[in-house]
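Quick notes on the structure that follows.
Only the coordinates and a few stated rules stand behind these numbers; no lab work does. Fair warning: this is a prediction, and the values are worked out from it, not measured in the lab. Cβ: placed from backbone, ideal geometry, glycine included. Neighbour counts: every protein chain shown.
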Ligand code: HEM
């Protein structure tokens with residue numbers, strides 16, 4: 001029996017190359033299987049829905065019983081973290097995002113990200129210096145994972161030594177984002193619920209410390225801020241901190257790894273990047289189009305019937321927006337399956353679009369630009385040891401679990 005497109009997307013065997021499935025899906029821009037979600041796969045339709053205020057990010061509006069472990073509701077709200085602003089609609093979304101942004105970006109903190117440039121550079125240099133045996137390097141474990149984790153810990157003020165504690169919780173929560181129709185929802189829900197609870201308790205302890213003794217970090221700023229929007233409640237603060245911690249490291253790892261994999265498959269671009277580090281800016285933009293770390297957004301729902309491409313999506317239905325497919329839509333990008341950093345018009349969907357578009361984008365861009373330009377400059381004659389490499393299970397946050405590479409040495 002042939003699998004449905006949804007099962008094909010979720011099937012781990014297709015993780016190395018899901019793009020032919022998306023090409024097939026785009027023949028029906030609004031695809032609906034009985035009892036399943038409405039899957040949107042073309043660029044203009046995805047973008048228009050991302051800007052449509054009738055499409056909610058709050059799963060409590062979903063009609064189906066499919067319970068989302070990340071957004072507990074009702075009576076549980078007292079014991080588990082409430083939804084973060086990723087899962088809220090205006091006006092709550094806007095208020096919390098504004099407050100989170102005060103210590104992070106313009107207009108109040110225009111220098112936070114750029115001010116980390118030297119620190120990011122030092123972390124990258126330290127990780128490359130520590131590589132050891134160049135005959136077999138796992139780029140994920142030795143570089144792409146520890147780098148963004150260290151960065152988000154520094155930014156938030158979470159002790160890096162605690163990584164062993166929160167790594168497991170973050171992984172469980174990230175895995176629960178995967179809409180696996182074959183998994184037991186109760187089992188997954190419980191796992192994510194427990195992980196969220198433990199992460200919440202851990203962050204509550206840190207926030208308590210920062211309230212008493214503020215430091216120069218984002219947790220302290222959020223815990224002590226009093227702007228025109230007032231202060232976040234403790235529960236809002238916990239959800240925001242958990243969101244930043246998880247979003248800050250479960251995505252960038254894949255951008256850096258997908259980036260190196262793509263460069264090694266395109267040695268001409270790798271050579272150019274080595275000679276011309278400024279090429280890292282268009283390389284990273286094209287990567288966000290070509291191999292986006294967030295492949296699809298599986299939790300949106302209409303607040304009222306929405307008609308799009310001749311189909312009416314009913315209120316409360318589950319909607320998936322396949323960003324990675326929109327990014328390869330030939331109606332929007334010429335030669336979409338070609339990796340081309342010289343592409344002039346690269347308004348990709350890799351960071352989403354509209355009011356929820358990625359909050360951490362300036363940091364993620366800078367991290368990936370520094371990481372890839374330094375890897376290109378310092379690794380001598382790098383090559384892939386496995387192609388395709390082994391992939392993580394997750395279809396939403398897609399990327400290699402390991403990237404075995406070798407090189408002839410490390411340049412100073
Ligand atoms: C390459 C790395 C990253 C990618 C590809 C990525 C991608 C995305 C995407 C696609 C969204 C939109 C979600 C939606 O519309 O439902 C999003 C939202 C978000 N991202 Fe990122 N992200 C990355 C890195 C980061 C980092 C480093 C941080 C934190 C510092 C971060 C924090 C957030 C937050 C807080 C939101 C929610 C925004 C909102 O709901 O208003 N992300 N990200």
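Taking 0.36 nm per residue of separation and subtracting the Cα-Cα distance, what length does fully extending residue 406 through residue 387 add?
Gain on extension, residue 406 to residue 387, equals 5.6 nm.
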So if each residue of separation counts as 0.36 nm, and I subtract the Cα-Cα distance between residue 94 and residue 355, what length gain in nm does that give?
93.2 nm
Gyration tensor over alpha-carbon atoms, the chain, equivalent ellipsoid semi-axes in Å
31, 29, 20
Given a Förster distance of 56 angstrom, what is the FRET efficiency for residue 331 paired with residue 226, based on the Cβ-Cβ distance and rounded to 0.05?
0.70
What's the extension gain from residue 119 to residue 315 if we count 0.36 nm per residue and subtract their Cα-Cα distance?
65.8 nm
Treat each spin label as a single point 7 Å out from the Cα along the C-beta direction, and report the residue 4 to residue 272 distance in nm.
4.2
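Could you work out the relative contact order of the chain? I mean the mean sequence separation of Cα pairs under 8 Å and 6+ apart, divided by the number of residues, in percent.
Details: 640 pairs, mean separation 109.2, N = 412.
The normalised contact order for the chain reaches 27 percent.
Students often check this: by mean Cβ neighbours within 10 Å, which of 391-401, 154-164, 349-359 ranks highest, and how do the rest follow?
Answer by packing, highest mean first, reads 391-401, 349-359, 154-164.
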With a 10 Å cut-off between alpha carbons and a GNM built on the chain, which of 57, 220, 109 moves the most?
109
